[in-house]
Amino acid sequence: MTGFKPSKNITIKAAKNLFHIVAGELEKEKMLNERTILIVENMALLEQVKERLLKDIKDRGVVEHFVNGTQEMWRENKSVDKVLKVVEGQRKLLNELCLTPSSAKKIDVEIDDGDDFDDY
């Protein structure tokens, strides 16, 4: 458990869980500080938005009936596109914190200076 707690704006359980998971990972890596906790807070807020959008999709469906005067049609629920954007934003924040699989790769290359070029 970290010394940091989610703000009062974070009310959804999934967002609080995400906050604690990411903060715990940063604490393991000794990267948890005042600057990184702001990014973790933003990730938790995005999780909260995502949960609300998913609830909207569950309630209204992927497509919605739309009436414009005498015209009736089905259109895509705008929450679907917004969820994808929120997920992408979360991925970018995870990458900034070096918590994605691609950002976790450490470059460990030994440079060999013994190429005998100086002797030439």
I need the calculated FRET efficiency for the pair LEU54 and LYS30, taking r as the beta carbon distance and R₀ as 41 Å, to the nearest 0.05.
0.75
Would you work out the relative contact order for the range 54-105, in percent, from Cα pairs under 8 angstrom that are 6 or more residues apart?
26
Among rounded, prolate and oblate, which fits the range 13-96 when a ≥ b ≥ c are the square roots of the eigenvalues of its C-alpha gyration tensor, a/c under 1.5 means rounded, and a/b larger than b/c means prolate?
prolate
Count charges around SER7 for me, please; just the other residues with Cβ under 12 Å from its Cβ, Lys/Arg as +1, Asp/Glu as -1.
+2
Of the accessible area of the range 2-47, computed with a 1.4 Å probe and all protein chains kept, carbon and sulfur make up a percent value of 56
FRET efficiency (SER7, ASP81; Cβ distance; R0 30 Å; to 0.05) is 0.65
Those trypsin sites (Lys or Arg not before Pro) in the range 1-78 that DSSP places in a loop and that have at most 10 other beta carbons within 10 Å
LYS8, LYS30
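The values are calculated or read from the model by the stated rules, or taken from the named source; none is laboratory data. Keep in mind the model is a prediction, meaning the values are calculated, not measured. For neighbour counting, all protein chains shown are included, and Cβ atoms are generated from backbone atoms with ideal geometry for every residue, glycine included. For accessibility, only protein heavy atoms count, side chains too; no ligands or nucleic acids. Shrake-Rupley method; radii C 1.70, N 1.55, O 1.52, S 1.80 Å.
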